[in-house]
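Chemist: Below you'll find the structure I mean.
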Amino acid sequence: MALLDWMTDATGPVVEGDGVLLRPPRAGDFAAWADLRERSRDYLQPWEPAWPDDDLTRVAFRRRLGLYAREMDQGHAWPFFVLDPKAKTLFGAITLSNVRRGVSETGTLGYWIGQPYAGRGLATAAVRAVAGFAFHSARLHRLEAACLPANLGSRRVLEKAGFRKEGEARAYLKINGVWADHLLFGLVSDEFKAS
């Protein structure tokens, strides 16, 4: 199964935003993804889970694509690469994950932008675009996101995209090998439509 996942390009939704194009990762993206992650390692690692030793290998990327394909097939997650709509340069990634149906109709956002492209509003554009997809195409009612209190850039992205701070969670996620407190943010569909 993993070989087939690797050989076929990921299919899925393509979402356009303000200066960004979002689409699922593909096998042909490996070199650009590995290069951007390596160039941004010191910039990203303080805000992310610890990277496995093989994280930037082709084998690990293959596993990642297989997981993404299964999650999309099951409707549990939609991973997107954030690209320049003209040059197709890879800027980063955003994922709508942990989709819960029934009485919650909720999903969780996570995102990163490579260091060379940080501070240009690309994360905010990607978050807004995925929110539109989540509320209109995936028909979710609520989105959630979290960030470290010290990650002012990520907090600002969420606020500019219309998310409200809803609280704090102690030892919420294991970041860079340490259980870390997080600020919790939420956005409901009615608020998104009004913005």
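The values are calculated or read from the model by the stated rules, or taken from the named source; none is laboratory data. Model, not experiment: these values are computed from the prediction. When we count neighbours, we look across all protein chains shown, and the Cβ atoms used for this are built from the backbone with ideal geometry, even at glycine. Just the protein is used for accessible areas: all its heavy atoms, side chains included, with ligands, DNA and RNA removed. Shrake-Rupley method; radii C 1.70, N 1.55, O 1.52, S 1.80 Å.
Chemist: Once label points are set 7 Å from the Cα along Cα→Cβ at both Thr11 and Trp179, what is their separation, rounded to one decimal in nm?
Modeler: 4.4 nm
Chemist: Please turn the phi angles of region 41-54 into ³J(HN,Hα) values with the Karplus equation 6.51 cos²θ - 1.76 cosθ + 1.60 (θ = phi - 60°), one per residue in order, whole Hz, x for glycine and proline.
Modeler: For region 41-54, the Karplus curve yields 3, 5, 6, 8, 4, x, 10, 10, x, 4, 7, x, 4, 9 Hz.
Chemist: Remind me, relative contact order of the chain in percent, using alpha carbon pairs under 8 angstrom and six or more residues apart?
Modeler: Details: 338 pairs, mean separation 37.5, N = 195.
About 19 percent, as a whole number.
Chemist: Then there is this: Expressed as a whole percentage, what fraction of the accessible surface of the chain belongs to carbon and sulfur atoms when a 1.4 Å probe is rolled over the protein heavy atoms? Let's see the in-between values first.
Modeler: On the way: 5300 of 10330 Å².
Of all accessible area on the chain, carbon and sulfur atoms account for 51 percent.
Chemist: Ok, one more. Taking a probe of 1.4 Å, how large is the accessible area per residue of the chain, in Å²?
Modeler: On the way: 10330 Å² over 195 residues.
For the chain, the per-residue accessible area is 53 Å².
Chemist: Which of Leu21, Leu109, Leu67 ends up with the largest GNM mean-square fluctuation for the chain, with Cα atoms connected below 10 Å?
Modeler: Fluctuation is largest for Leu67.
Chemist: Identify which of Ala161, Ala87, Ala171 has the largest mean-square fluctuation in a Gaussian network model of the chain, with springs joining Cα atoms closer than 10 Å.
Modeler: Maximum among the listed residues: Ala87.
Chemist: Here is a follow-up. Are there chymotrypsin sites (Phe, Trp or Tyr not before Pro) in region 104-167 that DSSP puts in a loop and that have at most 12 other Cβ atoms within 10 Å, and which ones? Kindly include the intermediate steps, with their values, before the conclusion.
Modeler: Working: sites: Tyr111, Trp112, Tyr117, Phe133, Phe135, Phe163; in loops: Phe163.
Sparse-neighbourhood loop chymotrypsin sites (Phe, Trp or Tyr not before Pro): none present.
Chemist: When only Cα pairs under 8 Å and 6 or more residues apart are kept, what is the percent relative contact order across region 1-110?
Modeler: Details: 144 pairs, mean separation 27.3, N = 110.
Relative contact order for region 1-110 comes out at 25 percent.
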